[in-house]
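Notes for the one structure printed next.
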């Protein structure tokens, strides 16, 4: 059997310390909530940092991420060798 929790007038539920400790949730921490089979499932939530790049930054990154013709030729040759080794009958 689970722990009965009180829902206050604002709809807030306090997660008891014992359960927060088990989840590893600290003050100010986040939990994600989802409903599965009519039950509310709480799990520790993690935020992923991200950055929105400007068009200029994206253009610069794309320019840096290009291969020289020599690099492209070496890569294509390596791929051909690998495919040839995996070809049936060899």
message: What are the pairs with Cβ atoms under 8 angstrom where one residue, in the stretch 1-15, is assigned by TED's automatic domain parsing to the domain that holds residue 32 and the other, located anywhere, is part of a loop (DSSP other than H, G, I, E, B) and exposed (fewer than 10 other Cβ atoms within 10 Å of the Cβ)? Sequence gap at least six, or different chains.
response: 13/6; 14/6
message: Show the residue pairs meeting these rules: Cβ distance below 8 Å; 6+ apart or different chains; first residue within the stretch 65-79 and surrounded by 10 or more Cβ atoms within 10 Å (Cβ to Cβ); second residue part of a loop (DSSP other than H, G, I, E, B).
response: 75/67
message: Where the second residue is assigned to a loop (DSSP other than H, G, I, E, B) and the first is over 14 Å from residue 13 (Cβ atoms) and lies in the stretch 32-54, which pairs have Cβ atoms under 6 Å and are six or more apart or on separate chains?
response: 32/45; 44/24; 44/25; 45/30
message: For the stretch 21-57, which positions are assigned to a helix (DSSP H, G or I), surrounded by 10 or more Cβ atoms within 10 Å (Cβ to Cβ) and at pLDDT 90 or above?
response: 21, 57
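The values are calculated or read from the model by the stated rules, or taken from the named source; none is laboratory data. These figures come from a predicted structure and were not determined experimentally. Neighbour counts run over all protein chains shown; Cβ positions are idealised from the backbone, glycine included.
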